[in-house]
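Here is the structure we will look at.
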Amino acid sequence: MDDTMTQIRANRERLWLSLMDLARIGAVQGDGSNRVALTDEDAEGQALFRRWAEEAACEVTRDRIGNLFARRAGADVDRAAVVVGSHLDTQPYGGRFDGPAGVLTGLEIVRTLNDHGLATEAPVVIAAWTNEEGARFPLPLTGSSVFAGLLDLEAAEAQTALDGPTFGAELRRLDLVGPEPIGSFAIDSYFELHIEQDTKLERAGADIGIVERGQGVRAIGVTLIGASSHAGTTAMPDRRDALVAAARVVEEANRIGHERSTLITVGRLEVRPNSRATVPGEVTLVIDIRDPEGARIDEAEQAIRVGIDVIAAASNVEATVAHALEIPVLEFDTACRDAVQHACETLGLSWLPLISGAGHDAMSIARIAPASLVFIPCRNGVSHHPAEYSSPDQVGAGCDTLLQAVLDRAGVV
Ligand SMILES: [Zn+2]
């Protein structure tokens with residue numbers, strides 16, 4: 001790039017004001033936002049973004065799973081799009097930055113290109129993916145996973161909300177079903193800015209995190225079957241208490257996690273019949289295993305399976321184990337990472353290589369196109385909470401970084 005391109009900067013104040021305007025939709029006490037996927041507030045937030053994108057002369061389209069795309073045409077009609085995106089939905093009583101910072105960074109990049117009358121070779125598309133959070137509906141990264149062909153449209157539409165309706169029904173109720181077929185355009189590269197949701201950048205005093213890898217996730221479902229019986233008449237030696245066995249499995253999984261420094265969590269447990277006066281006959285639990293190395297996930301699972309067999313025998317219950325979820329370890333594209341690193345160096349920003357502990361839309365898109373996930377610091381690592389905060393300069397520095405990377409990748413006419 002020539003020197004004039006490297007001088008261009010985003011308008012930090014405008015970006016900040018847009019973030020604060022969006023956060024007012026579904027605002028909750030303590031500076032948070034509540035725009036859970038496919039609620040009225042989510043639709044209203046999307047409508048505001050859509051209006052802003054149209055005002056910035058983008059062509060806005062929506063696909064069948066509700067993903068929103070705002071396109072700024074490129075000079076070369078044959079070039080695939082350089083995409084900047086993230087999500088607009090939030091956790092219940094979530095923050096103002098998790099998601100919107102990435103989408104509105106895309107918007108600010110387009111606005112900045114407009115300010116300077118700059119044409120790019122490749123089109124620049126801003127993407128807002130549907131239901132990233134998976135809070136109200138069970139499948140996180142729904143929109144980006146369907147786009148990337150990792151999840152069937154039908155399966156995505158069939159998932160049901162905690163409060164009852166299906167995903168498909170809510171899309172239709174809110175008029176969020178678009179005419180675009182899934183995956184209707186080619187992606188040259190994808191850039192996502194996101195708050196770190198951790199304290200590594202803050203502690204290191206670094207401006208930018210360049211994510212090298214997303215850790216792998218494996219969830220295994222365990223069903224323990226004993227026998228339901230009367231709590232008042234079943235003598236202790238005669239019991240086949242599935243919940244006691246489950247408690248031992250939780251303890252063993254936790255012990256293995258500590259022993260191996262692999263993240264192992266039991267966050268979900270169902271007890272049947274779940275009645276005070278009945279010895280529990282059946283328990284299902286889900287064990288979530290995460291590690292940046294796939295082989296270590298395999299080893300941890302093996303250790304857990306051995307432990308479950310021992311516990312089941314000792315507790316006089318039957319155990320079955322099945323895979324419930326698998327997200328392989330993801331290595332981000334080196335050329336995209338280099339573009340971001342080069343942008344940091346151009347801008348004089350300090351950066352750190354990081355591993356992402358959480359799932360992000362970039363991880364879906366990275367399966368089908370070169371992608372980069374870029375973190376900015378957030379205060380005390382707090383996220384999924386109204387107190388979530390990154391400063392105007394932190395968001396602005398992230399936006400400038402992506403702007404340079406996008407110019408690099410899209411090419412200036
Ligand atoms: Zn997010």
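The values are calculated or read from the model by the stated rules, or taken from the named source; none is laboratory data. These numbers come from a predicted model, not from an experiment. When we count neighbours, we look across all protein chains shown, and the Cβ atoms used for this are built from the backbone with ideal geometry, even at glycine. Remember, those area values only see protein heavy atoms, side chains included, never the ligands or the DNA or RNA. Shrake-Rupley method; radii C 1.70, N 1.55, O 1.52, S 1.80 Å.
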Subject >> Subset of the stretch 43-87 [charged (D, E, K, R) and within 16 Å of the ligand (Cβ to nearest atom)] >> reply: none
Original post:
If you scan the stretch 331-388, which residues turn out to be touching a residue at least 24 places away in the same chain (Cβ under 8 Å), more than 16 Å from the ligand (Cβ to nearest atom) and of a type in the set (S, T, N, Q)?
Top reply: Q341, T346, S350, N380
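Conditions (1) of a type in the set (A, V, I, L, M, F, W, C); (2) surrounded by fewer than 16 Cβ atoms within 10 Å (Cβ to Cβ), marked per residue:
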| residue | (1), (2) |
| --- | --- |
| I187 | yes, no |
| E192 | no, no |
| Q197 | no, no |
| L201 | yes, no |
| I208 | yes, no |
| I220 | yes, no |
| L224 | yes, no |
| H230 | no, yes |
Subject >> Of all residues in the stretch 390-409 being polar (S, T, N, Q) and part of a helix (DSSP H, G or I), the one that is most open to solvent (accessible area, probe 1.4 Å) >> reply: Q394
Original post:
Are any residues in the stretch 338-370 farther than 16 Å from S189 by Cα and open to solvent by less than 60 Å² (accessible area, probe 1.4 Å), and if so, which ones?
Top reply: C344, T346, L347, L349, S350, L352, L354, S356, G357, A358, G359
**OP:** Please list, ordered by first then second residue, the pairs with beta carbon atoms under 7 Å, 6 or more apart or interchain, first in the stretch 112-136 and under 15 Å from L88 (Cβ atoms), second among the acidic types (D, E) and within 16 Å of the ligand (Cβ to nearest atom).
**Re:** W129/D361; N131/D89; E132/D89; E132/D361; E133/D89
**OP:** May I ask you to say which residue of L88, L104, L171, L162 is closer than 26 Å to R24 by Cα, hydrophobic (A, V, I, L, M, F, W, C), touching a residue at least 24 places away in the same chain (Cβ under 8 Å) and in contact with a strand residue (DSSP E or B) (Cβ under 8 Å, 6 or more places away or on another chain)?
**Re:** L88
Original post:
In the list T61, T6, which residue meets the criterion of being more than 14 Å from G99 (Cα to Cα), modelled with pLDDT under 95 and surrounded by fewer than 18 Cβ atoms within 10 Å (Cβ to Cβ)?
Top reply: T6
Original post:
T39 versus (1) free of Cβ contacts under 8 Å to residues at least 60 places away in the same chain; (2) more than 16 Å from the ligand (Cβ to nearest atom); (3) surrounded by fewer than 24 Cβ atoms within 10 Å (Cβ to Cβ): which is the lone unmet condition?
Top reply: (1)
Original post:
What about R290, is it surrounded by fewer than 16 Cβ atoms within 10 Å (Cβ to Cβ) and more than 14 Å from V222 (Cα to Cα)?
Top reply: no
Original post:
Restricting the search to the stretch 109-128, which residues are within 12 Å of F49 (Cβ to Cβ) and either assigned to a helix (DSSP H, G or I) or within 12 Å of the ligand (Cβ to nearest atom) (or both)?
Top reply: V110, A128
Original post:
Any residue in the stretch 318-330 that is away from the ligand (no atom under 16 Å from the Cβ), at pLDDT 95 or above, within 23 Å of L403 (Cα to Cα) and open to solvent by less than 60 Å² (accessible area, probe 1.4 Å)?
Top reply: no
Original post:
What are the residues in the stretch 301-351 that are part of a helix (DSSP H, G or I) and under 25 Å from the mean Cα position of the chain (by Cα), if any?
Top reply: E301, T334, A335, C336, R337, D338, A339, V340, Q341, A343, C344
Subject >> Complete set of residues in the stretch 9-26 that are in contact with a Ser or Thr (Cβ under 7 Å, 6 or more places away or on another chain) and open to solvent by 60 Å² or more (accessible area, probe 1.4 Å) >> reply: N11
Original post:
What is the one condition in (1) at pLDDT below 95; (2) open to solvent by less than 10 Å² (accessible area, probe 1.4 Å) that V77 does not satisfy?
Top reply: (2)
Original post:
Out of the stretch 179-201, which residues are more than 16 Å from the ligand (Cβ to nearest atom) and either closer than 14 Å to L38 by Cβ or among the aromatic types (F, W, Y) (or both)?
Top reply: F185
Original post:
If you scan the stretch 371-388, which residues turn out to be surrounded by 18 or more Cβ atoms within 10 Å (Cβ to Cβ) and in a loop (DSSP other than H, G, I, E, B)?
Top reply: P377, C378, S383, P386, E388
